[in-house]
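Novice: The structure that follows is given in the form of structure tokens.
Where a number appears in this text, it was derived from the coordinates with a stated rule and is not lab data. Note that the structure is a prediction, hence the values are computed from the model and not measured. A quick note on method: Cβ atoms are made from the backbone with ideal geometry, for glycine too, and the neighbour counts reach across all protein chains shown.
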């Protein structure tokens, strides 16, 4: 079962993929990327300087114990990361 959060997170990237992130004051290490996809912003919100992409990663990560599955999103317009979803 998944839970939806939408919490801002700090993410460290290696080779273009999330490698670590901090969520609720805990450091999570990404063990592997399970999925990656990109969506475009609505056409009326796109400008020449901002393609308005949202980049998603579903990752297996752990704060030190058993790994969990997490969905991260990077918004190119806001230049920020969110943790959207976590699975038990």
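Novice: Please rank 79, 17, fewest neighbouring Cβ atoms within 10 Å first, as an exposure proxy.
Specialist: With the sparsest Cβ surroundings first, the list reads 79, 17.
Novice: With P(r) over Cα pairs in 10 Å bins from 0, in percent as the read-out, I listed (i) 17, 50, 24, 7, 1; (ii) 13, 15, 16, 16, 15, 11, 9, 5, 0; (iii) 17, 54, 27, 2; which label goes with the value calculated from this structure?
Specialist: The listed entry that was calculated here is (i).
Novice: From Cα pairs below 8 angstrom and at least 6 apart in sequence, can you work out the relative contact order of the chain, rounded to a whole percent?
Specialist: So the answer I get is 31 percent.
Novice: A further question on this structure: Please list 59-65, 10-16, 30-36 highest first by mean number of surrounding beta-carbon atoms within 10 Å per residue.
Specialist: Put in order of decreasing packing, that is 59-65, 30-36, 10-16.
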